[in-house]
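What follows is a single structure, written as structure tokens, with notes after it.
The values are calculated or read from the model by the stated rules, or taken from the named source; none is laboratory data. Owing to the predicted nature of the structure, the values given are computational and were not obtained by experimental measurement. Here the Cβ positions follow ideal geometry from the backbone for every residue, glycine too, while neighbour counts run over all protein chains shown.
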Amino acid sequence: MSYRKVNYEEVEQVSSAMHVLSDPLETEQVGVTVARCDPDWKSKPHDHIDNDHEEIYVLIEGAATVIVDDEPVAMETGDALWIPPESTRQIRNGDRESAFVLVSAPSIADDDSDGDEWLLSGFAG
């Protein structure tokens, strides 16, 4: 089989909101998490300096605020937010449920290319 499939609802929740899909999907270069956030839920403030992962938060349902380096970023359904590894981030949900897809991956350096970089210019097909 050349693919792996999992339903996020069948993956145990972490921190009462996060369904981390990387382990059950056995990913090697990308992290994917679905966060179903209850009203007034807050994630722990954190960064990704240790693993040098940048993240993209895509809000697929509801409204919420993401605090990035102490700056509140209001988000509504359909918004996507890029966060560099060194920035501290925290989701602060409002008074209704919201849902995010969080994608993380190692930052790609602009220099010292060894030809092993990911193709970021688009998808074939």
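Please go through the stretch 69-88 and give me each residue that is at positive phi and of a type in the set (D, E, K, R), ordered by number.
To start, the set of residues in the stretch 69-88 that are at positive phi comprises 69-70, 78.
Matches in the stretch 69-88: Asp69, Asp70.
Pairs are defined by a Cβ separation below 8 Å, a sequence spacing of at least 6 or placement on different chains, a first member in the stretch 7-28 that is farther than 19 Å from Glu97 by Cβ and modelled with pLDDT under 95, and a second member that is of a type in the set (Gly, Ala, Ser) and surrounded by fewer than 12 Cβ atoms within 10 Å (Cβ to Cβ); no pair meets this definition. Only a single criterion out of (1) out of contact with any Asp or Glu (no Cβ under 6 Å at 6 or more places or on another chain); (2) modelled with pLDDT under 95 is not satisfied by Gln90, namely (2). Every listed requirement among (1) in contact with a Ser or Thr (Cβ under 6 Å, 6 or more places away or on another chain); (2) modelled with pLDDT under 95; (3) not hydroxyl-bearing (Ser, Thr, Tyr) is met by Cys37 save one, (2).
For the stretch 17-44, filtering for residues that are in a loop (DSSP other than H, G, I, E, B) and either surrounded by 12 or more Cβ atoms within 10 Å (Cβ to Cβ) or over 16 Å from the mean Cα position of the chain (by Cα) (or both) leaves 10. Residues in the stretch 57-93 that are over 15 Å from the mean Cα position of the chain (by Cα), of a type in the set (Gly, Ala, Ser), surrounded by fewer than 16 Cβ atoms within 10 Å (Cβ to Cβ) and closer than 18 Å to Arg36 by Cβ: Ala63 only.
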